[in-house]
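Before any comments, here is the structure.
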Amino acid sequence: MSKQAIKTERAPLPIGPYSQAIKAGNLLFISGQGPIDPKTGKKIVGDIKEQTKQVLENIKSILEAAGLTLENVVKVNVYLRNIGDFPKMNEVYKEYFKTVPPARTTVQAIPPADIDVEIDAIASY
């Protein structure tokens, strides 16, 4: 199976040896995205709702670069620094996945770079 890297300037560029996303067959695997403004490269300063919005905007931009939309997302993993932020994160999340939400796992973890939320996703063509 061949694989193709997806890259867009409209989402944060990788800071290490990984791709924003990889297309493999009929699937797109999106690397974990944090609340980084792609224009400045800086972390969004704000509460969990503002951070979640930026993360999902970054994922949306990667999907668009691959010719997909949020409707194509089939699986999401959410990593929260504080599981107590779950209700507020979920308020924003449900605005992005309005019809048939993808399967999802949410765990408390320690995302890198002093961020409060990180989300990765898998989409289908």
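Remarks
- Approximating the spin labels as points 7 Å out from Cα along Cα→Cβ, the LEU13-to-GLU64 distance works out to 2.0 nm.
- Structural descriptor for the chain: relative contact order 31 percent, calculated from alpha carbon pairs under 8 angstrom and at least 6 residues apart.
- Between ILE83 and LYS49, the modelled labels are 2.4 nm apart [label points 7 Å from Cα along Cα→Cβ].
- Ignoring lysines fewer than eight residues from LYS43 along the same chain, the ones with Cα atoms less than 27 angstrom from its Cα are LYS7, LYS23, LYS53, LYS60, LYS75, LYS88, LYS94, LYS98.
- Annotation: amide H-H contacts under 5 Å for LEU28 (H modelled 1.01 Å from N, sequence separation of 5 or more, or interchain): ALA123, SER124, TYR125.
- Between helix 48-65 and the chain there is an angle of about 10 degrees, using the helix long axis and the longest principal axis of the Cα atoms.
- Structure-derived percent of Cα pairs over 25 Å apart: which label, when the choices are [x] 29; [y] 18; [z] 38: [y]
- Separation of alpha-carbon centers, the range 95-123 and the range 1-63, rounded to whole Å: 12
- Computed magnitude of the charge dipole of the chain (debye, nearest 20; Cβ of K, R +1, Cβ of D, E -1): 260
- Counted by neighbouring Cβ atoms within 10 Å, the residues VAL55, VAL73 run from fewest to most as VAL73, VAL55.
- Taking the range 33-93 and dividing mean pair separation by its residue count, relative contact order in percent (alpha carbons under 8 Å, at least six apart): 34
- Theoretical ellipticity at 222 nm over the chain - DSSP helices of four or more residues, -39500 (n - 2.57) apiece, nearest 500: -7500 deg cm²/dmol
Every number in this text was worked out from the coordinates using simple rules, so none of it is lab data. Please read these numbers as outputs of a predicted model, since none were measured by experiment. FYI the Cβ positions are ideal-geometry reconstructions off the backbone, even for glycines, and counts take in every protein chain you see.
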